[in-house]
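The values are calculated or read from the model by the stated rules, or taken from the named source; none is laboratory data. Quantities reported herein were computed from a predicted structural model and do not represent experimental measurements. Counting neighbours? That spans all protein chains shown, and the Cβs are built from the backbone with ideal geometry, glycine included. Keep in mind that these areas ignore ligands, DNA and RNA; they rest on the heavy atoms of the full protein, side chains included. Shrake-Rupley method; radii C 1.70, N 1.55, O 1.52, S 1.80 Å.
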Amino acid sequence: MATLTLKALLSPKAGAAPAVASLIEAMGGGTGVEDLSGKLLLGVSGGPSQVPVILEDAILGRVTGHQSDAAAVASLVAHLAAKEIERRALAAEVLQLYREIHLIGQLSEELAAVLDITAIGKSALKQARRLIPASHAGILVVENPEGPLRSITVADTDVPPLPPDSRFAASIAERGVAEIVNDFPSDPRALGYERAMQSLICAPLRAKQHTSGVITLANTTGQHYSSAHLKLLDTIAMQTAAAVENSLASQQLLAREVERQTLKRYLPPQVADLILASGGSSLLQGVLQPITVLYADIRGFTSMSEKMEARDIVQMLNEFFTAMSAVIFRCNGTLDKFIGDCIMALFGAPIASSTAASDGLWAAIGMQREMEVLNRSRSARGLPPFQIGIGLHCGLAVAGNIGSADRLQYTAIGDTVNVAARLVAKAGAKEIIVSEDVRAGIPDFAGFEPLGEVELRGRATKMNIYSAVWAPSPQ
Amino acid sequence: MKILIVDDEPHLRMLIQQTLEELEDEGVELLTASNGEEALDTIRDEQPNLVFLDVMMPKKNGFDVCDATKHELGLSNVYIILLTAKGQEFDRQRGQEVGADLYMTKPFDPDALLEKARSVLGI
């Protein structure tokens, strides 16, 4: 604060001058006010006595004149000076509040414009450091409720005032109450390099009853923090917490949506939602479970594709796969993969089902019927029809996400899968070939026609197979 | 060196004065005026180096004071910063026509205001 001088107090524009001037006049003149250097500020100089103007043990100047007059004027000037000091202190306090309000307002504006957690942290630290002196500043956040603290932003210096494993930061986050420590090295919670901080002020990022991290401002010099600093940092922390909360929530939503979109590529939407609701893809670890495997492929595809343009082949396959996927999803199937002109689908995985075999059979029949619809549409466009054969087998297999970390695929492996692949090779156009196990699993389906015992490549024993007779859907 | 603070709101005057108070230690005299006419009189008599001038004022508004200073009085070297209320529509074109050097919004950023004053005065 600027020091108060008599010159400023008694300048013609200042409010105090007229009062002093009128007192001097009322006393009949002969009195004058001089500053410390003896320069006359008001009245006349050269009076017989001198009385100093004293404010809080400091001499501001003197009043000359007759003893009693000079004493009266000196006391009025001292009184006015004291009032002025008081006014200035009040003004300084109001300005400080104004600064704080301005800063909080500015922070609100900045935080409303960003969702990125680092940007949020940067804004918060920048604003906090405008009013709270600090050599080190940083924010630690907890990204999931049980997780550890993580450093998201550090101001200016390379090191955060408190590292993520700080015992002190953890205690603030746990208690949810801001603290000032003006002799940090002697605090029992201070550890390692953080003891270089002489004083610090740390506030929890509290939102909706829980703490999402801490904001810390610290000094390696002897800065003494006050309760006013604490209150301000606490206010900034609350605003920051709300923004951090929003940022984390939107990140989680985004990650969830990405996962949902990924799952929906091969799972019926309702199964995708169920898996997300019960903990996400981690549920898709490989487990040995009873499943039904369906293989479908296009009869005569090789000779057909030889006569077609590559672009037309792609278009045909896309149309075919899209139509078949819809049928598979409708029958609670999981799309395992497309292999050339072949589709592999699973039933009873990832969520085990007692109706897996019949779901698989109805999917097969649905696919054959859907092929008729597709072929009618193709002939209307002047395109040749094509047919598919389907193989179906059930048994135990390992189903789960298999692959490398960057390229995981949900699939099933095991003998059950191989048998289904052998069966499709035996299926002619419009045919559905099922194994003995499938037939036994669907006792109430009357349309199985025995095809006798066959040898399947790679298997020692023969196996009874059946053709599932299906009725075309009414046109 | 002199800075004139013109605002019809006493609180705003006090806040700006308080913000610039530390410049008094460096020999800067702070003057105040509470309306446009008083402002123009002070500008004519004192010829301040810098004027913080509120736009919305009774009697003579900030545009008129600026116009009179720069054109009628010919005091083009008086640096004038117009203060406009945030959220209120500000006629930039009018600001340019009357020869304002800069405009700042209220509520003002005390640090920015002080920094600007220092740079204009070269201290």
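About the Cα centre of chain B, how large is the charge dipole given +1 on each Lys and Arg Cβ and -1 on each Asp and Glu Cβ? Please answer in debye to the nearest 20.
Dipole size: approximately 360 debye.
Which of the trypsin sites (Lys or Arg not before Pro) found in the stretch B:15-123 are loop residues per DSSP with 15 or fewer other Cβ atoms within 10 Å of their Cβ?
The qualifying sites are B:K59, B:K86.
Of the trypsin sites (Lys or Arg not before Pro) in the stretch A:435-467, which ones lie in a loop per DSSP and count no more than 10 other C-beta atoms within 10 Å?
Loop-located and lightly packed - A:R457.
Going by average Cβ neighbours within 10 Å, how do the peptides A:181-189, A:142-150, A:229-237, A:76-84 rank, with the highest at the top?
A:229-237, A:76-84, A:181-189, A:142-150
What 222 nm value per residue comes from the helices of the protein assembly as shown, counting each DSSP H run with n ≥ 4 as -39,500 (n - 2.57) and dividing by all residues, nearest 500 deg cm²/dmol?
-13500 deg cm²/dmol
Need one value for B:12-25: mean number of C-beta atoms belonging to other chains within 10 Å of its residues' C-beta atoms.
Per residue, the average neighbour count from other chains is 4.
What nm distance separates the two modelled labels at A:A92 and A:N401, each placed 7 Å from Cα along Cα→Cβ?
Taking the simple label geometry, A:A92 and A:N401 are separated by 6.1 nm.
Roughly how many Å is it from the Cα centre of the stretch A:43-83 to that of the stretch A:388-440, as a whole number?
Spelled out, the Cα-based centre of one part sits 108 Å from the other.
Nearest 100 Å², what total accessible surface is buried between chain B and chain A (probe 1.4 Å)?
Using a 1.4 Å probe, the pair buries roughly 1500 Å².
Can you tell me which lysines have their Cα less than 23 Å from the Cα of A:K231? Leave out same-chain residues fewer than eight positions away.
A:K122, A:K126, A:K208
Quick one: dipole size for the stretch A:333-390, taken about the Cα centre, charges +1 on Lys/Arg Cβ and -1 on Asp/Glu Cβ, in debye to the nearest 20.
That gives a dipole near 240 debye.
Using only the alpha-carbon atoms, how far is helix A:227-266 inclined from the longest principal axis of chain A? Give it as 0 to 90 degrees, nearest 10.
The angle comes out near 10 degrees.
Between A:K426 and B:E46, what is the spin-label point distance in nm, taking each point 7 Å from the Cα along the Cα→C-beta axis?
The two pseudo-label positions are separated by 10.6 nm.
Calculate what fraction, in whole %, of the accessible area of chain A sits on carbon and sulfur atoms when a 1.4 Å probe is rolled over the protein chains.
56
For the protein assembly as shown, what is the accessible area per residue in Å², given a 1.4 Å probe and the full set of protein chains?
For the protein assembly as shown, the per-residue accessible area is 49 Å².
With the full set of protein chains in place, find how many percent of the accessible area of chain B is carbon and sulfur; take the probe as 1.4 Å.
Of all accessible area on chain B, carbon and sulfur atoms account for 42 percent.
Taking Cα pairs under 8 Å and at least six residues apart, what relative contact order does the stretch A:114-231 come out at, in percent?
That works out to 27 percent.
Show me the GluC sites (Glu not before Pro) within the stretch A:385-457 that DSSP assigns to loop and that have at most 16 other Cβ atoms within 10 Å of their Cβ.
A:E455
Which is farthest toward the positive dipole end of the protein assembly as shown among A:I120, B:H11, A:A17, measuring Cα position about the Cα centre, with Cβ charges +1 (Lys, Arg) and -1 (Asp, Glu)?
My answer, from the dipole projection, is A:I120.
Using a Förster distance of 56 angstrom, determine the FRET efficiency expected from the C-beta separation of B:M1 and A:T118, and round it to 0.05.
0.85
Only Cα pairs under 8 Å and at least 6 apart count here; give the relative contact order of chain A as a rounded whole percent.
8
For A:V177, enumerate residues with amide H under 5 Å from its amide H, sequence gap 5+ or separate chain, H modeled in the peptide plane.
Residues meeting the amide H criterion: none.
Taking a spot 7 Å from the Cα of A:T355 along the direction of its beta carbon, which residues of the stretch A:415-453 have an amide N less than 15 Å from it?
Counting backbone N atoms under 15 Å from the label point, the list is A:442-445.
Place a label point 7 angstrom from the Cα of A:Q67 along the Cα-to-Cβ direction, then list the residues of the stretch A:12-56 whose backbone nitrogen is under 15 Å away.
Within reach of a label on A:Q67: A:48-52.
From the square roots a ≥ b ≥ c of the eigenvalues of the alpha-carbon gyration tensor of chain B, which class results: rounded (a/c under 1.5), prolate (a/b over b/c), or oblate?
Since a/c stays below 1.5, the shape of chain B is classed as rounded.
Just B:L31, B:L40, B:L102 to compare: in a GNM of chain B, with alpha carbon springs under 10 Å, which one fluctuates most?
Highest fluctuation among the options: B:L102.
Of B:E37, B:E89, B:E97, which has the largest mean-square fluctuation in a 10 Å C-alpha GNM of chain B?
Answer for the Gaussian network model of chain B: B:E89.
Mind scanning A:K7/B:K59; A:K337/A:K426; A:K39/B:K106; A:K307/A:K462 and naming the pairs with a C-alpha gap bigger than 29 Å?
A:K7/B:K59; A:K39/B:K106; A:K307/A:K462
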